[in-house]
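Beneath this line is the structure, given in structure tokens, with notes to follow.
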Amino acid sequence: MSKIFITEQDTIKTELYVDYSGERPLAIIRPDRNLLIASGVFEGKNEDEINKFFEEAEKAFQERIQQPEVKLEWMLWRYWDYRTRMKLEKLATVQNPVTKTTEIDPNLLNELKVKYLLLDWSFTDENGNKITLKREGDQLTKESFELVMKMEPNLLLSFLAELNSRLYMLKTEIKKNQDRTGESRENG
């Protein structure tokens, strides 16, 4: 049965494979069939060609994540309730100077999600010690927030993309995800 009320213990764990072999860490993203098909990139291709592409892409992904310099990293986020969502959207509302209308700035909203929703992560320093994120009340401390904002952009944006896909899922998408992964939003 679905859980209707959100509690402080409800979290979302986002995971990302990171390749540390280069000068900068690089997110390794599994090809998303639905996203790529919806983009029209396979227009004019038959089902066999599309299936072959995804079989090869999945094989390449699996081979890449097995490399010794690749590590699975994670971020743990608080799941937002209605009041938190409205608060963050209100804080991210800005006036468009061209249209003179108000709109939610998606970049500012993402920063606010980091500030208010990020609870923990797996990242370590150069000696392998876990870097602790500190909170003050319902948000990260200024120091912890600034540290997160200094992350390699491709990593933070990838984590936020995964978070956003989970925060904004429709009920049918949540059910499909639960069927596929066996996981639910409840307590992780």
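State yes or no: is I12 surrounded by 11 or more Cβ atoms within 10 Å (Cβ to Cβ), under 25 Å from L117 (Cα atoms), touching a helix residue (DSSP H, G or I) at 6+ places or on another chain (Cβ under 7 Å) and hydrophobic (A, V, I, L, M, F, W, C)?
So I12 passes the test.
Every residue in segment 84-98 that is within 20 Å of D120 (Cα to Cα) and not charged (D, E, K, R), please.
T84, L88
If you go through segment 65-92 one residue at a time, how many are loosely packed, with under 13 Cβ neighbours inside 10 Å and either touching an Asp or Glu at 6+ places or on another chain (Cβ under 6 Å) or more than 19 Å from M169 (Cβ to Cβ) (or both)?
Here the count works out to 6.
Can you pull out the residues in segment 104-148 that are in contact with an Asp or Glu (Cβ under 7 Å, 6 or more places away or on another chain) and part of a helix (DSSP H, G or I)?
L109, Y116
Applying the selection to segment 158-175, what residues are surrounded by 13 or more Cβ atoms within 10 Å (Cβ to Cβ) and at pLDDT 50 or above?
S158, F159, L160, A161, E162, L163, N164, S165, R166, L167, M169, E173
The values are calculated or read from the model by the stated rules, or taken from the named source; none is laboratory data. These numbers come from a predicted model, not from an experiment. Because the Cβ atoms are built from the backbone with ideal geometry, glycine has one as well, and the counts that use them run over all protein chains shown.
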